[in-house]
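In what follows, a structure is listed as structure tokens, so that the remarks can point back to it.
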Amino acid sequence: MDAGAIQDHIEYLQFELKRPLLVMKAPKGILGCGYINVETCNKTGEVCAIVTGVNTFDDMRKAKVVAASNQAAELGIAVGDTGESALNKMR
């Protein structure tokens, strides 16, 4: 998937830094890479799940969630879920 694309209600965002900053934005929240801070999401009331060690959007879908905001937990998103599973719960 190309950065900036929207498919199946998921917006794909990528910023080139030393490692890519990747975000997949769903209607109810975001799946983000390790650059995103889950504690900030908790403070702002955002639904977010974090995956690490990813370089592509496909990697994000396959990776395991390593952190989830309190609001994400309310949607049933948990550490150990796949990114794909987390995204499905954010639709």
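I want to make sure I understand the PRE zone here: with the label point 7 angstrom from the Cα of R19 toward its beta carbon, which residues in segment 58-91 have backbone N atoms less than 16 Å away?
Only 58-67 fall inside the zone, counting backbone N under 16 Å.
How much length would be gained if the chain were fully extended between Y35 and R91, taking 0.36 nm per residue of separation minus their Cα-Cα distance, in nm to one decimal?
Details: separation 56, 0.36 × 56 = 20.16 nm, distance 2.24 nm.
Additional length available on full extension: 17.9 nm.
Calculate for the chain the 222 nm mean residue ellipticity that helices alone would give, adding -39,500 (n - 2.57) per DSSP H run of length 4 or more and normalising by residue count, nearest 500 deg cm²/dmol. Intermediate results must be reported in sequence, preceding the final value.
Values: 4 runs with 25 residues, N = 91.
-6500 deg cm²/dmol, from helical runs alone.
(1) 18, 14, 12; (2) 22, 15, 11; (3) 21, 16, 13: which one is semi-axes √(5λ) of the Cα gyration tensor in Å as calculated from this entry?
Only one listed value fits the structure, namely (1).
Show the residues, 5+ positions off or on another chain, whose built amide H is closer than 5 Å to the amide H of V47.
Under 5 Å from the amide H of V47: I30.
No value in this document is a laboratory result; all are computed from the given coordinates. Given the structure is predicted, the values throughout are model-derived calculations rather than measurements. Cβ: placed from backbone, ideal geometry, glycine included. Neighbour counts: every protein chain shown.
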